[in-house]
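S.K.: One structure follows; several queries about it will come next.
The values are calculated or read from the model by the stated rules, or taken from the named source; none is laboratory data. Since this is a predicted model, take the numbers as computed values, not measurements. Please note: Cβ atoms are built from the backbone with ideal geometry, for glycine as well, and neighbour counts cover all protein chains shown. What goes into the accessible areas is simple: the full protein's heavy atoms, side chains included, and nothing from ligands, DNA or RNA. Shrake-Rupley method; radii C 1.70, N 1.55, O 1.52, S 1.80 Å.
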Amino acid sequence: MAEQLTGKKILLGVTGSIAAYKAAELVRRLQDVGAEVRVVMTAAACEFITPLTLQTLSGHPVALTLLDADEESAMGHITLARWADWFLIAPATADTLSRLVQGRSDDLLTAIHLASEARLVCAPAMNNKMWSHVATQENLTSLRSRGAVILGPASGDQACGEQGEGRLLEPVDIVTALAESVVPAVWAGKRVLITAGPTHEPIDPVRFIGNRSSGKMGFAVAQAAAEAGAEVMLIAGPVGLDTPTGVNRHNVGTAAQMYAAVMQQLTMMGSRDIFISVAAVADYRAETVAPHKMKKSAQQGITLPLVSTQDIVAAVAALSTNRPYVVGFAAETEKVADYAQEKLKRKGLDMIAANEVGAELGFASDDNALQVFWETGSQEVPRGPKLTVARSLITIIMGQINADSTS
Ligand code: PMT
């Protein structure tokens, strides 16, 4: 299982606990399974273990302060935040958990937490009374609800002489738990097809009908599916986004091209287990595309005849052979639940993820929130970064597929 960490970029955050000395062995154990490790330490952590120790073991300078011009020019907090696949804070003190919940950014470690899309993993270490205090427990609930993974703590003798829960897990156990809980590979062996972004329907060589989709949500779903171990093919409309690691990509421009690419993947490239239609496909295209740029006429306006495009997700849901599990999206500005459930039925989908689109959410924003519906139930995904929302959606889809297969 720990081989799942091979090649992963892990930013290890070390905070001020007596257990900080275990960070040295943790660096080694992570490297043993092929992970690439960089270290960031708080000022309090430096009272327990020297940065030189962790620099020597990790083979990289240890990041210490937010306001150091040299460090910021070498690998500053934003670069580190982008570099990491996972942000593992071990040991994580009670104070650190509280500061993460508050969204503080007054030291390097907390600023990286805010700036990073990396999955947050905390291995707490503290006195057992501090661990069981309602404030700490509420902080943990809050972090978990945002998608963070909490590893441990262990129970036993504590440095303060007491006994109970609050000991940092042993480094080897952190590595095992990290591999198991962060990369559950719930979609290992699954073949997933995803559409993302808008389509552009040409009117003439220089104009098109389009929409505000940036592709961020669909790309986040592709990344989350790949993280979960799936083999992912992403059919992308015209967007300016980098392809997520481990995802195969095919670019298209129009709804007709997207339809053809999806059908080619489903019928000629072998079957797919899951189809997730995140793309904001144009519902209409110009009946005829002018061969030259249309000239402004003396008339007050023009009438542009439009015809419907093919409904891609409905066509996939209607396949009689090799039909995948079909998940649609619904972008609504009002009556979100009603309209989404109507689309679920009309298009013959297995599941639909509805998002309210408006000034701040949905199209082009970095955050989203979903109401997910299937025939017999529903679940809400609270507002968060699109990648966090996408990871929750993957978990919901998997849960429903498992439930369907056992019913
Ligand atoms: O790309 P972002 O900027 O991150 O924004 C994300 C998003 C708001 C575009 C995304 O979360 C979203 O809601 N995507 C679906 C947008 C949409 O087209 O919704 P719809 O209600 O019009 O369509 C319903 C479903 O039918 C969708 O799954 C859509 O992909 C599919 N469809 C629609 C028309 C068509 N011709 N073919 C289709 O497959």
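S.K.: If you take the residues of the stretch 356-380 that are touching a Gly at 6+ places or on another chain (Cβ under 9 Å) and either without any contact (Cβ under 8 Å) to a residue 60 or more places away in the chain or more than 8 Å from the ligand (Cβ to nearest atom) (or both), which of them is least open to solvent (accessible area, probe 1.4 Å)?
M.R.: Ala369
S.K.: Got a sec? Which helices (runs of 4 or more DSSP H) wholly within the stretch 124-218 have at least 3 residues that are touching a residue at least 60 places away in the same chain (Cβ under 8 Å)? Steps first, answer last, please.
M.R.: Numbers: elements: 128-132, 134-145, 171-182.
So the answer is 171-182.
S.K.: Any residue at all in the stretch 212-226 that is more than 16 Å from the ligand (Cβ to nearest atom), open to solvent by less than 70 Å² (accessible area, probe 1.4 Å) and over 22 Å from Leu26 (Cβ atoms)? Break it down stepwise before answering.
M.R.: So the first thing to find is which residues in the stretch 212-226 are more than 16 Å from the ligand (Cβ to nearest atom), and the list is 226.
Now narrow it down to the ones that are open to solvent by less than 70 Å² (accessible area, probe 1.4 Å): 226.
With the extra rule that they be over 22 Å from Leu26 (Cβ atoms), the set shrinks to 226.
Yes, some residue in the stretch 212-226 is more than 16 Å from the ligand (Cβ to nearest atom), open to solvent by less than 70 Å² (accessible area, probe 1.4 Å) and over 22 Å from Leu26 (Cβ atoms).
S.K.: Select from the stretch 16-34 the residues that are within 22 Å of Asn127 (Cα to Cα) and in a loop (DSSP other than H, G, I, E, B) and list them in ascending order. Break it down stepwise before answering.
M.R.: Filtering the stretch 16-34 down to residues within 22 Å of Asn127 (Cα to Cα) leaves 16-26.
Those that are within 22 Å of Asn127 (Cα to Cα) and in a loop (DSSP other than H, G, I, E, B): Gly16, Ser17.
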